[in-house]
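Reviewing the structure listed below.
The values are calculated or read from the model by the stated rules, or taken from the named source; none is laboratory data. Remember, it's a predicted structure, so these values are computed and weren't measured experimentally. In this analysis, Cβ positions are derived from the backbone assuming ideal geometry, glycine residues included, and neighbour counts consider all displayed protein chains.
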Ligand code: PLP
């Protein structure tokens, strides 16, 4: 009897029974290469002895002590490691540890609100995000998510928010438009919306530096985030970077925003765009523990410190000692093994292989991404970019067939400005090697072929 209420009540799932590096095994002994780390989670692969050992050692000391009574050593060390790695302007920021990406976003929204309240700007309650974004499933995080499919049945329960244009060069950049001009046009959408709402009503702008689950790894054009930063500063609006999926080394930088530089500012290579608040989750615990973080920059912390001196929001499992010990081991393992270098090297390898294999594929419209975070957008017609009909459920079908072929890849279905889209996401562990990348791309090619024969 099946007592778990699964995501899909009609289909039964294989039972995952063991992990080993980039592979997962089910209870029937079938082996899968995990090319998406579930949904961008497993950056160290499965069954890391180092992380398992750190968890075990922490359990032998202390599992949890409530944060209204105590702090603990792993959470303090982890917070320092993250702040040290943040963009310079983050300053002496601080970190709140919670349990999931959605919770990290809820904390970010509340923190932004508290920042404005402490400054006496009580009317700043409105959040602006981007169309087709996904920032989590709890009601606040969903309210700032532009993904219509995920919002649909909860719509009447969601607080009002605004969505501006996403960065989606494949569909939105004009053929005669430079990257910088496109960046400027996208960023100006934010300024227009702030003016429309009245800056005195706007609390924060939220964006993923690289849009994962709903826009197939769409990156921002050069200078976009630098311009966004300037606009936020001009109007006193906080900038929140949702790095739940793209952070923690996934793009080849500890923070995805660290890859965003301002080409108009010569110092920006060493001083990249810095958000006021950053959220992290998936790769933070790398699957070993459910843990997420909301990072508040010095600018935000100092206002609260000088004001009420109290964080207005708390959760029972904040700073959980075992979860923090696991994440600390993840950070140290990435550092000691220089895995960010591997992400960049293997990232270039997968980029080249995807281009060589799929650039001429009749149904592959676009291949985009950064580091070990790649999306493939599938279209019915490569020339007109017309997508497949949503009813065909192309991305979920590819996920299913890929699993039969022993490949885990993540399907993303989006709809921007009425245009539906099927994307396949690859986010393999940072320990993947070239042979394993070849295996991923071979299996993906076979799966696309099986699903897309005569589809137009
Ligand atoms: N933000 C982004 C960008 C995500 O991709 C996700 C999950 O996919 C979330 C937030 C929510 O994270 P969680 O599923 O851990 O609540």
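Below is a table of values for the structure above.
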{"read-out": "Every residue from the stretch 65-92 that is surrounded by 17 or more Cβ atoms within 10 Å (Cβ to Cβ) and farther than 20 Å from residue 332 by Cα", "value": "67, 90"}
{"read-out": "Close pairs (9 angstrom Cβ cut-off, 6 or more residues apart or separate chains): within 22 Å of residue 291 (Cβ to Cβ) in the stretch 98-126, away from the ligand (no atom under 16 Å from the Cβ) and part of a helix (DSSP H, G or I) anywhere", "value": "111/300; 111/304; 112/300"}
{"read-out": "Close pairs from the stretch 184-195: first within 18 Å of residue 173 (Cβ to Cβ), partner in a helix (DSSP H, G or I) and modelled with pLDDT under 95, Cβ under 8 Å, at least 6 apart", "value": "186/172"}
{"read-out": "Extreme residue, nearest to residue 34 (Cα to Cα), among residues of the stretch 373-392 that are in contact with a strand residue (DSSP E or B) (Cβ under 8 Å, 6 or more places away or on another chain) and in a loop (DSSP other than H, G, I, E, B)", "value": "379"}
{"read-out": "Qualifying residue in the stretch 285-295 (condition: surrounded by fewer than 23 Cβ atoms within 10 Å (Cβ to Cβ) and out of contact with any helix residue (DSSP H, G or I) (no Cβ under 8 Å at 6 or more places or on another chain))", "value": "no"}
{"read-out": "Flag for residue 355 being out of contact with any helix residue (DSSP H, G or I) (no Cβ under 6 Å at 6 or more places or on another chain), at pLDDT below 95, surrounded by fewer than 22 Cβ atoms within 10 Å (Cβ to Cβ) and within 22 Å of residue 412 (Cα to Cα)", "value": "no"}
{"read-out": "Filter result for residue 21 (on the phi > 0 side of the Ramachandran plot, in contact (Cβ under 8 Å) with a residue 40 or more places away in the chain and away from the ligand (no atom under 16 Å from the Cβ))", "value": "yes"}
{"read-out": "Selection status of residue 273, at pLDDT 95 or above, away from the ligand (no atom under 16 Å from the Cβ) and touching a helix residue (DSSP H, G or I) at 6+ places or on another chain (Cβ under 8 Å)", "value": "no"}
{"read-out": "The lone exception for residue 55 - which of (1) farther than 18 Å from residue 255 by Cβ; (2) assigned to a helix (DSSP H, G or I); (3) within 16 Å of the ligand (Cβ to nearest atom) it fails", "value": "(3)"}
{"read-out": "Selected residue (only one of 356, 352, 395 is under 25 Å from residue 166 (Cα atoms) and not in a loop (DSSP other than H, G, I, E, B))", "value": "395"}
{"read-out": "Tally of residues being touching a residue at least 60 places away in the same chain (Cβ under 8 Å) and away from the ligand (no atom under 13 Å from the Cβ) across the stretch 287-305", "value": "10"}
{"read-out": "Odd one out for residue 455, checked against (1) closer than 27 Å to residue 147 by Cα; (2) crowded, with 18+ Cβ neighbours inside 10 Å", "value": "(2)"}
{"read-out": "So residue 69, is it under 24 Å from the mean Cα position of the chain (by Cα) and either modelled with pLDDT of 95 or more or farther than 25 Å from residue 210 by Cβ (or both)", "value": "no"}
{"read-out": "Condition check for residue 283: farther than 23 Å from residue 119 by Cβ, within 16 Å of the ligand (Cβ to nearest atom) and without any contact (Cβ under 8 Å) to a residue 40 or more places away in the chain", "value": "no"}
{"read-out": "Residue in the stretch 398-408 that is surrounded by fewer than 22 Cβ atoms within 10 Å (Cβ to Cβ), within 24 Å of the chain's Cα centre (by Cα) and farther than 14 Å from residue 216 by Cβ present", "value": "yes"}
{"read-out": "Extreme residue, surrounded by the most Cβ atoms within 10 Å (Cβ to Cβ), among residues of the stretch 309-319 that are in contact (Cβ under 8 Å) with a residue 24 or more places away in the chain and in contact with a helix residue (DSSP H, G or I) (Cβ under 8 Å, 6 or more places away or on another chain)", "value": "319"}
{"read-out": "All strands (runs of 3 or more DSSP E) inside the stretch 72-177 with 3 or more residues being more than 16 Å from the ligand (Cβ to nearest atom), under 19 Å from the mean Cα position of the chain (by Cα) and farther than 17 Å from residue 278 by Cα", "value": "none"}
{"read-out": "Filter pass, residue 146 being out of contact with any helix residue (DSSP H, G or I) (no Cβ under 6 Å at 6 or more places or on another chain) and on the phi > 0 side of the Ramachandran plot", "value": "no"}
